[in-house]
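> Quick one: the structure is below, questions incoming.
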Amino acid sequence: MLGVDDVADRIESVGFRCRRCGACCRRVAEDSNLVIVSPAEVRAIMAATGMAWDEVAEPYPDFIDAGNGGEYTLAWCIRRTTKACIFLREGRCSVYAHRPWICRTYPFMLVDDELRVSECSGLGMPLSPPGARDAAADLCGRQAAEAAEEAGIRAVYRRATVPPGKRAVIDSEGVKVLHG
Ligand code: SF4
């Protein structure tokens, strides 16, 4: 896994400054603003907003056949309208202090030792070394959090049973059967 300094060097060489356009929060294509969130991230937004779980998050839309008439998916996403993330208000994130890792680190992503960069109009803008280091620290934090969530999902998955005919989300906290 890359260290923060290596990631910072790579981010600095790409260059980035958020233009606050909100484009990454808008639904310009089916999956363009799909923000996957861990249970901990959902709970942080619930605590900050007073909203219920189902008001904050919806199941990741790709369901897998459980082989017994049921089906499951392995993640949650922030709820979206047909146009944007539900937390985008007047062009700004209304849960900015509690925004998920994916939002915090956009347009960057670490896949093992590779820095991946998504489309963004702020790319190529000069970035100071301290700015690059902050972004790198967030990105490494995200990678560690995602690895922990993945390990938690694997542990639950090994002993998970989806009730026949039901739809469920399997996350690091357990099997959550969906109603309605
Ligand atoms: S949580 Fe905030 S930053 Fe993330 S997609 Fe929604 S509005 Fe954008």
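Please treat every number below as a calculation from the coordinates, not as lab data. All values derive from a computational prediction rather than experimental measurement. Cβ coordinates were reconstructed from backbone atoms using ideal geometry, including for glycine residues, and neighbour counts include every protein chain displayed.
> Being within 15 Å of the ligand (Cβ to nearest atom) and among the polar types (S, T, N, Q) is the filter here, so list the residues in the range 62-105 that pass it.
T81, T82, S94, T105
> Let me ask something else. So how many residues does the range 95-105 have that are under 20 Å from A148 (Cα atoms) and of a type in the set (F, W, Y)?
1
> Another question, if that's okay. Show the residue pairs meeting these rules: Cβ distance below 8 Å; 6+ apart or different chains; first residue within the range 8-32 and within 11 Å of the ligand (Cβ to nearest atom); second residue part of a loop (DSSP other than H, G, I, E, B) and among the β-branched types (V, I, T).
Close Cβ pairs satisfying both conditions: R27/T81; R27/T82.
> Going through the range 106-120 one residue at a time, which ones are within 16 Å of the ligand (Cβ to nearest atom) and out of contact with any Gly (no Cβ under 9 Å at 6 or more places or on another chain)?
Y106, F108, M109, S118, E119, C120
> Can you name the residue in the range 36-57 that is within 21 Å of A147 (Cα to Cα) and away from the ligand (no atom under 13 Å from the Cβ) and, of all such residues, is surrounded by the fewest Cβ atoms within 10 Å (Cβ to Cβ)?
Looking at the filtered set, the residue picked out is A40.
> Scanning the range 58-71 for residues that are surrounded by fewer than 13 Cβ atoms within 10 Å (Cβ to Cβ) and among the acidic types (D, E), which turns out farthest from the chain's Cα centre (by Cα)?
Looking at the filtered set, the residue picked out is D65.
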